[in-house]
Amino acid sequence: MVKDNSCKHIAIIMDGNGRWAKKRGMPRTFGHKKGAENVVNITRAMKESGVKYLTLYAFSTENWQRSEDEVKALMDLLREYLDKEFKEIMDNNVKLVFIGERYMLSDDIREKIEYLEKTSKDNSDLTLCIALSYGSRHEIVNATKNIAKAYANREISLDDITFDLISNNLYTRDIPDPDILIRTSGEQRISNYLLWQLAYTELFFTNTLWPDFNKDELMAIIEQFNNRERRYGKN
């Protein structure tokens, strides 16, 4: 097991649930259910590895364009996950944070995530950030609007608009930028995910479909990361 690594934050695009189910002659919803179960496994592995922050791309703003039946199934699965895993989250000292366009979610889901955030806010072993109804371009537009409003109200000057000010107006303001981005399923795209935050993140793409992504592959990626030299454009 990789301990005391220099990686503190891993972001994951959990891709391939539908293809995993199709390979088995099952409906896409079966793949999503297996994918949700794997979230629990990978969260445990992250905590054991010493990683302090895990951000998961659970549902994008673009995903609302999927069929009504699939969106309903995903939202029902989310409700089930939030209810079922609450005890383990608390028992394992995990802090839950949700980022995204909450106004797009139903009232009961918004209430659930607000309750979970409030109840787990003092947990400190791992911060699990779930990107839900999230799109990075939405996030950047909203940050820009907030900054423009502050400037119009003469609360800040043009010289106050810095990298730090923009970062502090993003949904991830209290979370360090990811050290690693993992995308499963063989796709090699960012897909409107953490565009600002990934400026110097190390990228890892795996052909493994998300329900099959396991602790061993995670640890191998962390090991590869520890052997990379991060130059941040200096040479």
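The values are calculated or read from the model by the stated rules, or taken from the named source; none is laboratory data. Just so it is clear, the structure is predicted and the values come from calculations on it, not from any experiment. All Cβ positions, glycine included, derive from the backbone under ideal geometry; neighbour counts span all protein chains shown. Keep in mind that these areas ignore ligands, DNA and RNA; they rest on the heavy atoms of the full protein, side chains included. Shrake-Rupley method; radii C 1.70, N 1.55, O 1.52, S 1.80 Å.
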Set Ala21, Ala36: member being buried (at least 19 other Cβ atoms within 10 Å of the Cβ), over 19 Å from Val97 (Cα atoms) and free of Cβ contacts under 8 Å to residues at least 60 places away in the same chain: Ala21
Which numbered condition Ser124 misses (of (1) free of Cβ contacts under 8 Å to residues at least 60 places away in the same chain; (2) in contact with a Phe, Trp or Tyr (Cβ under 8 Å, 6 or more places away or on another chain); (3) under 16 Å from Lys8 (Cβ atoms); (4) not acidic (Asp, Glu)): (2)
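So for the range 89-96 (the condition being on the phi > 0 side of the Ramachandran plot and not aliphatic (A, V, I, L, M)), does at least one residue qualify? Can you show your working first?
Taking the range 89-96 first, the residues on the phi > 0 side of the Ramachandran plot are 93.
Now narrow it down to the ones that are not aliphatic (A, V, I, L, M): 93.
Yes, the range 89-96 contains at least one residue that is on the phi > 0 side of the Ramachandran plot and not aliphatic (A, V, I, L, M).
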Residue match in the range 160-183 (condition: part of a helix (DSSP H, G or I), within 19 Å of Arg137 (Cβ to Cβ) and without any contact (Cβ under 8 Å) to a residue 12 or more places away in the chain): yes
Leading residue by the ranking (farthest from Glu139 (Cα to Cα)) among those in the range 43-79 that are open to solvent by less than 20 Å² (accessible area, probe 1.4 Å), small (Gly, Ala, Ser) and modelled with pLDDT of 95 or more: Ala45
Selected residue [touching a Cys at 6+ places or on another chain (Cβ under 6 Å) and either open to solvent by 50 Å² or more (accessible area, probe 1.4 Å) or among the charged types (D, E, K, R) (or both)] from Asp125, Asp179, Asp174, Asp164: Asp179
Every pair of residues 6+ apart whose Cβ atoms lie under 8 Å, when the first sits in the range 204-216 and is free of Cβ contacts under 8 Å to residues at least 60 places away in the same chain while the second is open to solvent by 80 Å² or more (accessible area, probe 1.4 Å): Phe204/Gln224; Phe205/Gln188
Every residue from the range 139-154 that is within 17 Å of Gly100 (Cβ to Cβ) and open to solvent by less than 70 Å² (accessible area, probe 1.4 Å): Glu139, Ile140, Asn142, Ala143
Of residues in the range 108-121 being touching a residue at least 24 places away in the same chain (Cβ under 8 Å) and in contact with a strand residue (DSSP E or B) (Cβ under 8 Å, 6 or more places away or on another chain), the one surrounded by the fewest Cβ atoms within 10 Å (Cβ to Cβ): Lys121
